[in-house]
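The values are calculated or read from the model by the stated rules, or taken from the named source; none is laboratory data. Source: prediction; values computed, not measured. Note that we place each Cβ from the backbone using ideal geometry, even for glycine, and neighbour counts take in every protein chain shown. These area figures cover heavy atoms from the full protein model, side chains too; ligands, DNA and RNA do not enter into them. Shrake-Rupley method; radii C 1.70, N 1.55, O 1.52, S 1.80 Å.
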Amino acid sequence: MRILLLTHAFNSLTQRLGAALQGRGHEISIEFDIADSVAEEAVALFRPDLIVAPYLRRAIPASIWQRHVCLIVHPGIVGDRGPSALDWALQEGVAEWGVTVLQAEAEMDAGPVWATTNFPLRAAKKSSVYRNEVTQAAVTAVLQAVERYAANELPTPLADWPDARGRLRPLMKQAERAIDWQLDDSATVLRKINAADGFPGVADSLFGIPCHIFDAWPEASLAGTEDLTGGAVIARRETALLRRTCDGAVWIGHAKREGDFKLPATLAFAEQAADLPEVPLAGWWRVDHATWQDIAWEEADGVGALHFEFYNGAMSTSQCRRLREALAWAKTRPVRVIVLAGGVDFWSNGIHLNVIEAASLNDGSPADESWHNINAMNDLALELIDSGEQITIAALAGNAGAGGCFLARAADLVWARDGVMLNPHYKNMGNLYGSEYWTYLLPRRVGDEGARDIMRNRQPLTARAAVEIGFSDACLAGDGDAFRIDVARRAMELSAAPDLAERLAAKRERRAADEAEKPLAAYREEELAQMRRNFYGFDPSYHVARHHFVRKSLASWTPRHLARHRDLGWTVPQ
Ligand code: COA
C-alpha cells in the first residue's frame, strides 16, 4: 500500500514506524503537519491508500479524514483520550499502560479502535518510556492495524470495546505538576519531574528565578533525613544541582529559564552554581547506591563497561573531555575487552547543540564553542581508535545520531539493540560536513560509494539495516535489560577466546598499515577544514539550523528527502 505518514516531526517513533512499514513492502512518504492546506496537497500528490499519524499536535482536517482512513497513534490504553496521556499515567503511577491505534474522526481520540498493545509501565522519565515501551508498542499496534485494514476488516467502535478502562483526561496543567518542596518527599518529586520530562518540564524556580526543571535523579545518601529549608539547593556535581526535599534530596540535571532553552542545570544557573560546594564522586567506578553519576565504570572477568548517561545523548566539550579521560583510564585497567555502553535511551547524538547555542547568551561565540566541541569529540574518537591492547565494542542500547554514530564506529565492533535507530549523517544540521574521523571509518565499512549514499540520502537506519549494509556488526534482540546481559555474555566470550592475542595483533597491524597509508591526523585535518567553513565561513546555514533546532522552531516545510511525493514527476490529479 501507499502509506502517508503525517507527523509533527520525523522523530525516532516516526522513523521506526516508517522503517517497519517499509519492511512489510509498503511505499512510504512523509509530510510534516504544517498547515491543513499542505497536508491536503500531500494527500493529493501521493494518493495514499492509508494515512498514519504517529505524532500529531493537532487534529487532522475533516477534508482529509472524511475521505481517507487515518490511523492515529495514541499513547494510551483503549478509552484514554486527551493530550497528556503518558503524563497522567506516570504521575499517578499506574501499573500498566498502552498504545492505541484509532481512526480519526471529528472528536479527538474518540474514533473506532483498530489495534492496541499494553505494557507494564516503568517508573521512569516520560521521554524514556516514550522512546522505549511506547515506541515498541506503537510499532506492534500499527502493523496489526495496517494488516487488519488491508484484510478489509473493520475497527471496533470505542463504545463496543469490552473492557475500555481509559477515559478522557484534560491537558495536565502546571498547577497539577507543581512541587511543594516543604511537603513533597523525594519519591513524589521524582515522579512529578519524570512525568514532565523532556516536555514541558515542571514550572518551578531555582535560586528564586522562575524556570522549568527536568531530568531528576535520586540521592540515596540523604534519604530519610528531614529538612525544613524547603527546597534549598545545597551542592553541585558536574552539570547537576542537588536540592533538598522534605525527606532527603534529588539531583536536578537540566533547567530551562524563561525565554531560553533547556540547558544543563549548572550552566543555566552558572553564576549561582559557582558558589555551591562541589560533591564529586570518588572516581569512575559505578557507585552502588543511587546518586547522579553520568560516567561510570564496571569490570568483571576481563571485561570492562564504560557507561555514559548524557541527557539526550548530547555531548558537550567538557563531557567529551571527561569521557576521554575515563576511557584513557579504562585502557590501563586489566581488561581485554572494553564495552562502551552509552546511556539507557541514547548512545550519543554528537556535539551538544544546546550548550553551543548557549555561548551566544553570554556574549560568547557559538562558532568557537562548536570548534572546541568537535575537537573534543575527535580526541575522544581518537582515544577509542587508538586502543591496541583491547577489543572495543560500542553497545547501543539506545539511539545514536550524527557524530554519535561515527564515535560508535570508532570502536572495533558496533552492536545495536533491535529497535535502535541510527542516523549516521550530518547534513540535516545546516549542511554540516561532520568529523569524528568519519571519512576514515565509514568507507572502510561500506565503500566510497556507500559512504556517499549514506551522507547524501540522510535516511535513518534500523539496527538490522545497519548490519545489512555493513555499518554495524550485530543486531541483538530483546529489551534494554536483555541486551545488556547478552552484550556482557558475548564480551566475556570474546575476552576468553583462545585467539584473542592474535586478534589484537591483527588489529594493531591493520591500524599501523592504515596509518602508514594515510595518517589519522590527515583525515582529521581535512574534515576540520570543512568544519571550519561550516562554523566560520560566509554560509550561516549551520548556525541557523542549530538555532531552530535548539529553540524548537516549527518546521515550515518537509525536507525533500522525506516528502517523496514532492519529487519531480508527481503531479496533483486534475
Ligand atoms: N545536542 C543537543 N540536544 C540534542 C542533540 C544534540 N546533538 N540531539 C538531540 N537532542 C535533543 C533534542 O533537542 C530533544 O530535546 P528535548 O529534551 O527537548 O526533547 C531530545 O534530544 C530528543 O531529540 P529528538 O529529536 O526528539 O530525538 P529522536 O530520538 O526522536 O531523534 C535525532 C534523534 C538524532 C534524529 C535528532 O535528535 C537529531 O537530529 N539530533 C541532532 C544530531 C546532530 O545534528 N548533532 C550534531 C552534529 S554531530
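Return the FRET efficiency for the residue pair residue 187, residue 41: r is the Cβ-Cβ distance, R0 is 51 Å, and the value is rounded to the nearest 0.05.
The value I calculate is 0.55.
Based on Cβ point charges of +1 for Lys and Arg and -1 for Asp and Glu, what charge dipole magnitude is obtained for the stretch 366-457 about its Cα centre, in debye rounded to the nearest 20?
Once rounded to the nearest 20, the dipole reads 400 debye.
What's the longest piece of the chain with no exposed GluC sites (Glu not before Pro), counting a site as exposed if DSSP puts it in a loop and it has at most 15 other beta carbons within 10 Å?
390-574
Can you compute the FRET efficiency between residue 49 and residue 118 using 1/(1 + (r/R0)^6), with r the Cβ-Cβ distance and R0 = 25 Å? Round to the nearest 0.05.
0.35
Would you calculate the separation in nanometres between label points at residue 361 and residue 560, each defined as 7 Å from the Cα along the Cα-to-beta-carbon direction?
3.6
Report Rg (one decimal) and Dmax (nearest whole number) for the chain, counting Cα atoms only, units Å.
Rg, Dmax (Cα atoms, Å): 24.2, 73.
Looking at the stretch 2-171 only, what percent of DSSP beta bridges run antiparallel? Nearest 5 please.
Bridges in the stretch 2-171 are about 50 percent antiparallel.
Each label point is 7 Å from the Cα along the Cα-to-Cβ direction; what then is the distance between the points at residue 68 and residue 431, in nm?
Output for this residue pair reads 3.2 nm.
Restricting the count to DSSP beta bridges whose residues both fall in the stretch 295-539, what percent are antiparallel, rounded to a multiple of 5?
About 30 percent, rounded to the nearest 5.
Of the DSSP beta bridges with both residues in the chain, give the percent that are antiparallel, rounding to the nearest 5.
55
For the stretch 295-539, what % of the accessible area comes from carbon and sulfur atoms, probe 1.4 Å?
49
Could you give the dipole magnitude of the chain about its Cα centre, charging the beta-carbon of Lys and Arg +1 and that of Asp and Glu -1, in debye to the nearest 20?
Value, rounded to 20: 940 debye.
Give me the dipole magnitude in Debye, nearest 20, for the stretch 161-251 about the Cα centre, with unit charges on the beta carbon: positive for Lys and Arg, negative for Asp and Glu.
Dipole about the Cα centre, nearest 20: 360 debye.
Estimate the FRET efficiency between residue 57 and residue 492 by the formula 1/(1 + (r/R0)^6), using the beta-carbon distance for r and 45 Å for R0, to the nearest 0.05.
Values: r = 46 Å, r/R0 = 1.02.
Step by step, r from the Cβ atoms, then E = 0.45.
Using 0.36 nm times the number of residues separating residue 281 and residue 2, minus their current alpha carbon distance, what extension gain do you get?
Difference between extended and current length: 95.0 nm.
Would you compute, from DSSP H runs of 4+ residues alone, the mean residue ellipticity of the chain at 222 nm, taking -39500 (n - 2.57) per run and dividing by the full residue count, rounded to the nearest 500?
Values: 20 runs with 211 residues, N = 574.
Taken over the chain, the calculation gives -11000 deg cm²/dmol.
Using the Kyte-Doolittle scale, which helices in the chain average at least -1.0 and also have C-alpha atoms spread 18 Å or more along the helix axis, with helices defined as whole DSSP H runs?
Details: long enough: 135-150 (22 Å, 0.48); 317-330 (20 Å, -0.53); 366-385 (28 Å, -0.16); 438-457 (19 Å, -0.86); 480-496 (24 Å, -0.05); 500-517 (26 Å, -1.17); 520-536 (23 Å, -0.94).
Helix filter hits for the chain: 135-150, 317-330, 366-385, 438-457, 480-496, 520-536.
Measure off 7 Å from each Cα along the Cα-to-Cβ vector at residue 536 and residue 368, then give the distance between these two points in nanometres to one decimal.
1.2
Under 21 Å from the Cα of residue 518, which lysines turn up, not counting those fewer than eight places away in the same chain?
507
Before I look further, what does the chain give for accessible area per residue, probe 1.4 Å, in whole square angstrom?
Accessible surface, normalised per residue, equals 43 Å².
Please list 492, 429 from largest to smallest accessible area, probe radius 1.4 Å, with all protein chains kept in place. Please list the in-between numbers first.
Numbers: 492 70, 429 30 Å².
These residues rank, largest area first, as 492, 429.
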